[in-house]
Amino acid sequence: MTTTQTHTNHHGAHGDDAGHTTEAAHGAHAGHDAHAQHAAPATHAAHAGHDPHAGHDQHATHAAHAGHDQQAAAPAAPAAHAGHDAHAGHGGGLPGGLQITQDGYTLELAAPIAAPGEIDFRFRIVGPDGTAVTEYDAIHDRQLHLIVVQRELTGFWHVHPELTADGTWVVRLNLPEAGAYRVFTDIAPRALGKTITLGADLALAGTYAPQPTPEVTRTAAVDGYEVTLDGDLVDGAGQLITLTVRKDGQLVTDLQPYLAAFGHLVVIRAGDLAYVHVHPNGEPGDGVTAPGPEITFHTAVPGPGTYRLFLDFKHGDVVRTAAFTLAAARA
């Protein structure tokens with residue numbers, strides 16, 4: 001099983017990705033943990049203003065990602081950016097992750113209430129026929145990507161569960177604090193023919209002290225790395241966001257491929273937790289994209305508000321997460 005977890009208050013190492021650390025929501029918590037391993041989504045037909053995966057054999061099976069089934073609002077990207085996406089699992093024009101059911105597919109948590117600490121987290125995706133789905137198309141090397149966040153967006157985990165024969169997904173999670181959480185599943189059921197994102201609430205019992213969403217910041221520090229963010233989020237308009245990675249003050253020019261990309265960006269709006277998962281312009285081995293120090297994403301958000309942005313990147317055989325907060329301007 002390959003999983004990657006990140007949280008604002010932890011440090012750790014994990015299996016085949018050799019560790020995943022996260023820069024967190026609070027300044028005092030810079031350099032945090034990642035438990036498990038991380039994979040990334042891929043495979044879509046129409047993306048946030050990009051061509052439909054021209055030249056990517058492994059990315060061929062999905063529809064439209066990024067806030068709507070059709071991305072009319074996003075400007076066309078340059079040809080060099082073909083094949084990359086912002087997918088949010090939509091239905092009826094809603095942003096991704098706001099629905100537990102879409103297109104006849106439902107996210108069913110085995111236990112929507114749990115205790116803090118390590119748990120075996122189990123869930124199913126139930127199809128239109130009422131049975132658990134067992135056939136999926138891969139999205140960036142994985143059949144399913146599970147994102148877990150605290151509702152205040154102060155904690156973030158990206159993990160990859162195992163699918164059992166009866167259609168149940170299982171992953172070991174370590175969620176250390178009581179409180180309200182949201183889980184998202186990026187999936188492409190084979191019978192559906194496109195990617196969707198389903199969301200459901202998870203509650204961890206115990207004394208709960210809500211925290212404010214972290215203040216706006218364009219710089220994140222994690223494990224001796226500094227990541228800076230250039231660009232803006234604009235309501236209803238696709239924008240380029242560029243993340244620049246430094247280590248000990250030096251530009252990093254040898255980022256490692258991580259799940260078919262040099263970086264992965266999850267963008268979530270505070271308040272309703274509208275969800276977008278973005279993959280960068282260019283990819284390893286395309287003869288054009290450099291392995292750092294810059295990672296550029298074409299990003300469209302579903303409306304105004306405050307957003308948390310979580311960047312996964314790999315260097316020195318370790319996957320780390322840097323977190324930022326931006327306010328989306330009105331177009």
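With a 1.4 Å probe rolled over the protein heavy atoms of all chains, the accessible area of Glu283, Glu177 falls in the order Glu177, Glu283, largest first. Across Lys247, Lys314, the residue with the most accessible area heads the list, and the full order at a 1.4 Å probe is Lys247, Lys314.
Between amide H atoms placed 1.01 Å from N, distances below 5 Å from Ala111 occur with Arg122, all of them 5 or more places distant or on a separate chain.
A cut-off of 5 Å between modelled amide H atoms, ignoring neighbours fewer than 5 places along the same chain, links Ala270 with Thr306, Tyr307, Arg308.
Using heavy atoms of the protein chains and a probe of 1.4 Å, the accessible area assigned to Asp232 is about 80 Å².
For His145, nonlocal amide neighbours, meaning residues 5 or more places apart or on other chains whose placed amide H falls under 5 Å from its own, are Asp186. Per-residue 3J(HN,Hα) values for the stretch 325-331, derived from phi via the Karplus relation 6.51 cos²θ - 1.76 cosθ + 1.60 with θ = phi - 60°, read 10, 9, 9, 7, 7, 6, 5 Hz in sequence order (x marks Gly and Pro).
In this structure the stretch 172-228 gives 40 Å² per residue of accessible area when probed at 1.4 Å with all protein chains present.
Placing a label point 7 Å from the Cα of Arg190 along the Cα-to-Cβ direction, the residues of the stretch 126-143 whose backbone N falls under 14 Å of that point are 133-139, 143.
3J(HN,Hα) couplings calculated from phi for the stretch 93-102 with the Karplus curve 6.51 cos²θ - 1.76 cosθ + 1.60 (θ = phi - 60°) are, in sequence order, x, 7, x, x, x, 7, 10, 7, 10, 8 Hz; Gly and Pro show x.
A simple spin-label model places the labels of Thr164 and Asp232 5.0 nm from each other, with each point 7 Å out along Cα-to-Cβ. Accessible surface for the stretch 289-331, divided over its residues, is 28 Å² per residue with a 1.4 Å probe. Residue-wise HN-Hα couplings along the stretch 197-205, as the Karplus relation 6.51 cos²θ - 1.76 cosθ + 1.60 with θ = phi - 60° gives them from phi, are 10, 9, x, 8, 8, 10, 10, 10, 5 Hz; Gly and Pro carry x. A crude spin-label estimate for the pair Ala205 and Leu240, with each label 7 Å from Cα along the Cβ direction, gives 5.2 nm. Extension gain for Val216-Ala327 works out to 39.2 nm (0.36 nm per residue, less the C-alpha to C-alpha distance).
Of the trypsin sites (Lys or Arg not before Pro) found in the stretch 172-239, those in coil by DSSP whose Cβ has at most 13 other Cβ atoms within 10 Å are Arg190. Taking a quarter of the surface of the Cα convex hull of the stretch 239-287 gives a mean projected area of 5.0 nm².
Taking the alpha carbon gyration tensor of the stretch 145-284, what are the square roots of 5 times its eigenvalues, largest first, to the nearest whole Å?
27, 22, 17
The values are calculated or read from the model by the stated rules, or taken from the named source; none is laboratory data. The structure displayed is predicted, hence computed values, not measured ones. Glycine also receives a Cβ, built like all others from the backbone with ideal geometry; neighbour counts cover every protein chain displayed. We work out accessible area using only protein heavy atoms, side chains counted, and drop any ligands, DNA or RNA first. Shrake-Rupley method; radii C 1.70, N 1.55, O 1.52, S 1.80 Å.
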